Amino acid sequence: MPFYAIALTLLLASASAVAAQDFPTKPIELVLPYGPGGSHDLTARAIASVAQQYLGQPLLVVLKPGGGGAVGSQAVIRAKPDGYTLMLGGTGPNTIFALVQKAPIGPDQFTPIARINYSPPVFAVRSEAPWKTMREALEYMKKNPGKFNFANTGPWGAGDFPMRMVARAAGVEYNNIPFDGGGPATLAVLGGHADATFSFTAQLMPQVTAGKMRALAVTGPARIRELPQTPTFKEEGVDVVFTMWRSVMGPKGIPPAVVAKLETAFRKISEDKQFQEQIRQLGDDIQFQASKEFEATWRQEWDAFGRIVAVAK
């Protein structure tokens with residue numbers, strides 16, 4: 001290699017190292033691939049409310065909804081990989097939607113930064129239902145194939161995908177009834193038009209507290225704070241774990257030094273007491289994972305969910 005080429009390479013490497021050392025020198029955008037008001041939006045704004053003291057610059061939440069999360073995801077994938085454009089991604093757009101629609105917005109297209117938290121859906125029935133446990137409900141499904149009416153929250157969504165996992169793992173059949181979101185699905189169960197649904201705690205707890213619905217099992221790896229008496233599916237003998245995670249990611253190719261700085265900042269954000277309280281108010285807990293650990297989790301999930309999508313389709 002000619003001397004001038006070697007010198008240029010060293011100069012560029014040195015400039016890149018200096019830029020990483022100074023990072024960040026301007027506000028950072030956190031793209032949200034959904035519209036306003038949902039749990040993703042609320043989580044993003046909770047992050048942004050405490051971020052500046054750990055990043056040294058403001059974190060600006062930018063809404064780019066559309067295409068099941070594909071619009072925002074693609075915008076981030078195409079962004080310059082300098083750490084100034086990030087996204088709060090999730091299981092919905094970046095695993096399930098990506099697999100079902102074969103959209104290039106999965107783990108191969110991003111630089112994982114950090115997982116912040118996740119929400120495990122809860123399987124619930126109305127209080128008058130004859131099933132007191134998840135085992136009883138599954139036994140009914142086995143004896144009455146296709147007669148158990150399940151209200152999902154939209155095709156392949158958080159109230160549909162875990163039920164497909166449960167049916168596959170337990171070897172049962174059910175009648176899958178789609179609804180346009182968690183609200184209508186819950187109302188269908190309350191009105192006796194469906195037997196059960198999957199719901200998140202923020203939406204479900206008022207019904208449980210009022211004695212109108214009964215939680216039978218949670219899809220997370222452990223029991224949750226709001227429902228300490230409700231077992232996990234694994235405790236009920238069904239090998240299913242499903243969570244809707246929320247993680248910070250950026251375009252492919254962000255310099256390792258910048259990734260390290262971002263990872264450290266988001267770890268500190270996750271440890272911030274004010275931020276933790278905001279997340280608790282949303283009915284969640286912090287489940288922080290650093291870049292490499294989260295990438296391994298994501299790829300493991302990608303492979304497992306891919307097998308379910310392949311069978312279902």
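The values are calculated or read from the model by the stated rules, or taken from the named source; none is laboratory data. Source: prediction; values computed, not measured. Every residue, glycine as well, gets a Cβ built from its backbone with ideal geometry; the counts of neighbours run over all protein chains shown. In case anyone asks, the SASA skips ligands and DNA or RNA and just uses the protein heavy atoms, side chains included. Shrake-Rupley method; radii C 1.70, N 1.55, O 1.52, S 1.80 Å.
So that you can scan it fast, the table gives a plain yes or no per residue for (1) on the phi < 0 side of the Ramachandran plot; (2) under 14 Å from the mean Cα position of the chain (by Cα); (3) open to solvent by less than 40 Å² (accessible area, probe 1.4 Å); (4) not aromatic (Phe, Trp, Tyr):
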{"site": "VAL258", "(1), (2), (3), (4)": "yes, no, yes, yes"}
{"site": "GLU263", "(1), (2), (3), (4)": "yes, no, no, yes"}
{"site": "PHE266", "(1), (2), (3), (4)": "yes, no, yes, no"}
{"site": "GLU271", "(1), (2), (3), (4)": "yes, no, no, yes"}
{"site": "PHE275", "(1), (2), (3), (4)": "yes, no, yes, no"}
{"site": "GLN278", "(1), (2), (3), (4)": "yes, no, no, yes"}
{"site": "ILE286", "(1), (2), (3), (4)": "yes, yes, no, yes"}
{"site": "GLN289", "(1), (2), (3), (4)": "yes, yes, yes, yes"}
{"site": "THR297", "(1), (2), (3), (4)": "yes, yes, no, yes"}
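The set of residues in segment 177-230 being touching a residue at least 12 places away in the same chain (Cβ under 8 Å) and hydroxyl-bearing (Ser, Thr, Tyr) consists of THR186, THR197, SER199, THR201, THR219, THR230.
One line per residue, one yes/no per condition, for (1) within 19 Å of THR43 (Cα to Cα); (2) touching a residue at least 60 places away in the same chain (Cβ under 8 Å):
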site	(1), (2)
LYS261	no, yes
LYS273	yes, no
GLN276	yes, no
ASP285	yes, yes
ALA290	yes, yes
TRP298	no, yes
ILE308	no, yes
ALA312	no, yes
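Out of GLY89, GLY69, one residue alone is open to solvent by less than 10 Å² (accessible area, probe 1.4 Å), closer than 15 Å to ARG246 by Cα and in a helix (DSSP H, G or I). It is GLY69. When the residues of segment 206-221 are filtered to those that are under 24 Å from the mean Cα position of the chain (by Cα) and assigned to a loop (DSSP other than H, G, I, E, B), the one that is surrounded by the most Cβ atoms within 10 Å (Cβ to Cβ) is THR219.
Looking across segment 139-164, just one residue is more than 21 Å from LEU204 (Cα to Cα) and open to solvent by less than 20 Å² (accessible area, probe 1.4 Å), and that is MET141.
Of all the criteria given as (1) under 16 Å from the mean Cα position of the chain (by Cα); (2) at pLDDT below 90, the one not satisfied by ALA310 is (1). When the residues of segment 72-86 are filtered to those that are open to solvent by 20 Å² or more (accessible area, probe 1.4 Å) and in a helix (DSSP H, G or I), the one that is farthest from SER39 (Cα to Cα) is ILE77.
Could you list, in sequence order, all residues of segment 92-120 that are open to solvent by less than 10 Å² (accessible area, probe 1.4 Å), of a type in the set (Gly, Ala, Ser) and touching a helix residue (DSSP H, G or I) at 6+ places or on another chain (Cβ under 6 Å)? If the condition is that a residue be open to solvent by less than 10 Å² (accessible area, probe 1.4 Å), of a type in the set (Gly, Ala, Ser) and touching a helix residue (DSSP H, G or I) at 6+ places or on another chain (Cβ under 6 Å), then GLY106, ALA114 are the ones that fit.
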